[in-house]
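Quick notes on the structure that follows.
The values are calculated or read from the model by the stated rules, or taken from the named source; none is laboratory data. None of the values given here were measured: they were computed from a predicted structure. Neighbour counts run over all protein chains shown; Cβ positions are idealised from the backbone, glycine included.
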Amino acid sequence: MKSPDELFVQSRNAMGTVFTIYLYAHDGELAGVLFESAFEEIERLEEALSNYRATSELSRINRLAARQAVTTDPEVFALLQTSVAYSQRSAGAFDVTVGPLMRAWGFFRGGGRYPADAELRHARESVGSEKVNLDPATRTVHFAAPGVELDLGAIGKGYAVDRAVKVLREAGVKAALVDAGSSTLYAMNAPPGKSAWTVHVPRPGDRSQTVSTVALRNEALSTSGNYEKFFQLNGRRYCHVMDPRAGVPVQGVLQATLIAPDSTTTDALSNAMFVMGPEAGSKLLATVSAARGLWILGEPESQRLVQWQWQDCGGDVQTLVTKREKGKEQIAR
Amino acid sequence: MNRREFIGRAAAAGGALLLVENGESRPKAPSDQINLGIIGPGSRGQQLMRTFLRVPGVRFAGLCDVYEPRFAAAREITKENTPIYHDYRELLAARDLDAVIVSTPLSLHSQHEIAALESGRHVYGEKSLAFTVEECYSIVDAVKRTGKHFQVGLQYHYAPWYRETLRRIQAGKIGRVTQVYAYWHRNNNWRRPVPNGSDKKLERLINWRLYKEYSGGLVAELGSHHINFANEVFGSMPELVVGSGGIDFWKDGRETQDNVQVTYRYPSGQTLVFSAITTNQLDGAQVRVYGTDGSAVLTESDAIFYYEPKRPQSAVAQQTIVEHGIVTGASYRSEMPYRGPGETVSVPKDKQGSPDYVACASFIDSIRRNQRPEADEQVALAAGMAVALGNQAIDHGKRIVFSEHSRQT
């Protein structure tokens, strides 16, 4: 009789973070081959989507698309279409052209600074998904303004997770969890003898504390948050997540977590959720099939939770929410 | 091909690169659309498909494979119902093909490429050129006979930082080049997952690189890129080769070696040492070019120059040593490896691009302009012969002399 599958794990650096894959396989040698093919797919996508590598397809588009319409392959084109569609659905809260604003606020290198008015105005002229013209007939990308640049950092990891999961499924893997830097993950099926993979959503600022525990089976989860990186100016606290619509960083939101059927969606829209907050964000989630969302608002020392269709399996979620807040903030469909 | 021809090609490649990156390879009219067919859309073939689809006016008009799941994967790339063929002769019988990509196992290259050329199509053929020296020459003959363009899938031939490095080496920046040491060191078993692990036939199909019936092993699949660069640096193909290798670690039923070391000698007294191992990746994939005045180290994403200590210099400025004397002591001369910084080759923005993109765009450009590709059948022959004879040297434990196997073309 065939011995039962064992759990194997491997981590590798990719896309500016650490990807970790957990999978069940019959033996270590097979696991090694499976890891190799899944990481090869992630590496392939980094080579296509990175905006740090001069040789990537995205860098080629960024170099040329302000001057001319640039043809790209159907996969990259489709991901750009998806990105622009998410921008539209989130009324600009998710935006792959946000790079110039991030640079103006000093978020690429160092801790952040308040940009001069002229600098901010200049940056905003190159931001906005409506400045990215996509022509499906020719599969071309053309920027409507100089200085526009694409940064797929808020969707590419999710797409890579989905593709790695596809590779593992096609190779016959029965259960796996693919994790991109713990901010986006996909749970494929369930460990042997279990009904789902267990994922803990940590308390912002203290990863040792769990805010909520969820059970995932063939679902993705992404958490957006930037409570580790922030800066204070004139008594206000700015995090490193930009609200592209306002041109200023988001305030008052500590963390947003989204569960949905695929990681491309959760990666992009957890970002939009963070920027939009619960009020507008829950309206967006209502348009996503099988979505569940959890916001943590306030300040690190005084946090409160807002949930939307959230299903906690550990019963922890209430402990952080006072009765009054719960009654007020819980948004029902 | 003589040294001057080799160097002339190298210089021309820089120009082609600029044209491609500036987008001049676009179609002039809708009728300029280039329809491609592909034989063997496996992992490498699929990557080529994606890259070719980044070139304006390119479409896939036919997919051919013997392994059914490849069709769905390839159609996912084209995102259309591209016609499929189970036999390459059916693909070649289709009317609307301009060129054919051949990315099949090495032992099938000559059969597929010659048939494609004879059907009147230009061919982009994956490296290495062919399984045997005879097959290499048969492809070269077919290119000549049909007058069609042939480009070999040695994409680093088009890598912008390789071109710039070659230009600097040829301009004498590192003096006289005497040696190239090239590594492709990995730490994995070089296998791909087989959906039904117990199916022996499927195992040989998917992991064809591990079986001698199809594959030239590590020298063909990895070494051919480095051999091609050494050919360019030295301006010719090698004149003899010795080699060793074995199945020493991955004793899993494979037939190709899991480690190889080949040493090629070139006509002007230069040497290429190529090593591929599968048990340690400290050195990764790199080419180290050693000259009397410096070195160049090339990787899959950059190139760095290092310079040798300066030659004897005039000491007139230090006359005091003559007047005051010098202190004596035990002699010491450091032979420690150099661990300092180097000079990274920077590529101008308008010449940047991935090796795959520039190679694919250049091939399409060659068709549109009716110009000979840079990495043509002669470049392919020089590297392909070195691969085939390197494997003979390993397999038979013999010193192989190229002139005993080559003929004038």
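Residues in the range B:136-192 that are touching a Lys or Arg at 6+ places or on another chain (Cβ under 7 Å) and in a loop (DSSP other than H, G, I, E, B): B:LYS148, B:HIS149, B:LEU154, B:TRP190.
Residues of the range B:235-257 that are more than 14 Å from every other protein chain (Cβ to nearest Cβ), out of contact with any Gly (no Cβ under 7 Å at 6 or more places or on another chain) and in contact (Cβ under 8 Å) with a residue 60 or more places away in the chain: B:GLY235, B:SER236, B:MET237, B:PRO238, B:GLU239, B:LEU240, B:VAL242, B:SER244, B:GLY245. Considering only the range A:37-83, how many residues are surrounded by 18 or more Cβ atoms within 10 Å (Cβ to Cβ), charged (D, E, K, R) and touching a strand residue (DSSP E or B) at 6+ places or on another chain (Cβ under 9 Å)? Result for the range A:37-83: 2. For the range B:299-318, the criterion of being surrounded by 15 or more Cβ atoms within 10 Å (Cβ to Cβ), in a strand (DSSP E or B), touching a strand residue (DSSP E or B) at 6+ places or on another chain (Cβ under 7 Å) and aliphatic (A, V, I, L, M) is satisfied by at least one residue. Are any of the residues in the range B:203-225 without any contact (Cβ under 8 Å) to a residue 12 or more places away in the chain, surrounded by fewer than 20 Cβ atoms within 10 Å (Cβ to Cβ) and not assigned by TED's automatic domain parsing to the domain that holds B:LEU106? The answer is yes; a qualifying residue exists. Within the range A:205-243, which residues are polar (S, T, N, Q), farther than 21 Å from A:VAL306 by Cβ and at pLDDT 75 or above? Listed by number, the residues that qualify are A:SER208, A:ASN218. Hey, among the residues in the range A:139-155 that are within 14 Å of chain B (Cβ to nearest Cβ) and charged (D, E, K, R), which one's farthest from B:ALA72 (Cα to Cα)? Among residues in the range A:139-155 that are within 14 Å of chain B (Cβ to nearest Cβ) and charged (D, E, K, R), the one farthest from B:ALA72 (Cα to Cα) is A:GLU149. Kindly indicate whether any position in the range B:164-185 is within 14 Å of another protein chain (Cβ to nearest Cβ), surrounded by fewer than 18 Cβ atoms within 10 Å (Cβ to Cβ) and in contact with a helix residue (DSSP H, G or I) (Cβ under 7 Å, 6 or more places away or on another chain). No, the range B:164-185 contains no residue that is within 14 Å of another protein chain (Cβ to nearest Cβ), surrounded by fewer than 18 Cβ atoms within 10 Å (Cβ to Cβ) and in contact with a helix residue (DSSP H, G or I) (Cβ under 7 Å, 6 or more places away or on another chain). Restricting attention to the range B:323-363, the residues that are surrounded by 10 or more Cβ atoms within 10 Å (Cβ to Cβ) and not charged (D, E, K, R) add up to 18. Within the option set B:ALA115, B:ALA72, B:ALA99, being within 14 Å of chain A (Cβ to nearest Cβ) and either of a type outside the set (Ser, Thr, Tyr) or in contact with a Pro (Cβ under 8 Å, 6 or more places away or on another chain) (or both) holds for one residue only, B:ALA72.
Condition check ((1) modelled with pLDDT under 95; (2) small (Gly, Ala, Ser); (3) in contact with a Leu (Cβ under 8 Å, 6 or more places away or on another chain)) across all residues:
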{"site": "A:LEU7", "(1), (2), (3)": "no, no, yes"}
{"site": "A:ASN13", "(1), (2), (3)": "no, no, no"}
{"site": "A:PHE19", "(1), (2), (3)": "no, no, no"}
{"site": "A:TYR22", "(1), (2), (3)": "no, no, yes"}
{"site": "A:ASP27", "(1), (2), (3)": "yes, no, no"}
{"site": "A:LEU34", "(1), (2), (3)": "no, no, yes"}
{"site": "A:ALA38", "(1), (2), (3)": "no, yes, yes"}
{"site": "A:ILE42", "(1), (2), (3)": "no, no, no"}
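Just one of the listed residues (B:THR178, B:THR165) is closer than 30 Å to B:ARG368 by Cβ and either at pLDDT 95 or above or out of contact with any Cys (no Cβ under 9 Å at 6 or more places or on another chain) (or both), and it is B:THR165.
Considering only the range B:384-393, I want to know if a residue exists there that is over 30 Å from A:ARG44 (Cβ atoms) and part of a loop (DSSP other than H, G, I, E, B). No, because not a single residue in the range B:384-393 is over 30 Å from A:ARG44 (Cβ atoms) and part of a loop (DSSP other than H, G, I, E, B). When you scan the range B:133-144, do you find a residue that is modelled with pLDDT of 95 or more, out of contact with any Ser or Thr (no Cβ under 9 Å at 6 or more places or on another chain) and more than 26 Å from B:ILE304 (Cβ to Cβ), even just one? Checking the range B:133-144: at least one residue is modelled with pLDDT of 95 or more, out of contact with any Ser or Thr (no Cβ under 9 Å at 6 or more places or on another chain) and more than 26 Å from B:ILE304 (Cβ to Cβ).
With the structure loaded, tell me whether A:ASP117 is surrounded by fewer than 20 Cβ atoms within 10 Å (Cβ to Cβ) and at pLDDT 95 or above or whether it fails that test.
no
Within the range B:342-365, the set of residues being outside any loop (DSSP other than H, G, I, E, B), at the interface with chain A (Cβ under 7 Å from one of its Cβ atoms) and closer than 11 Å to A:ALA54 by Cβ comprises B:LYS349 only. Checking each residue in the range A:156-181 for being facing chain B (nearest Cβ under 10 Å), surrounded by fewer than 24 Cβ atoms within 10 Å (Cβ to Cβ) and part of a helix (DSSP H, G or I) picks out A:LYS166, A:VAL167, A:GLU170.
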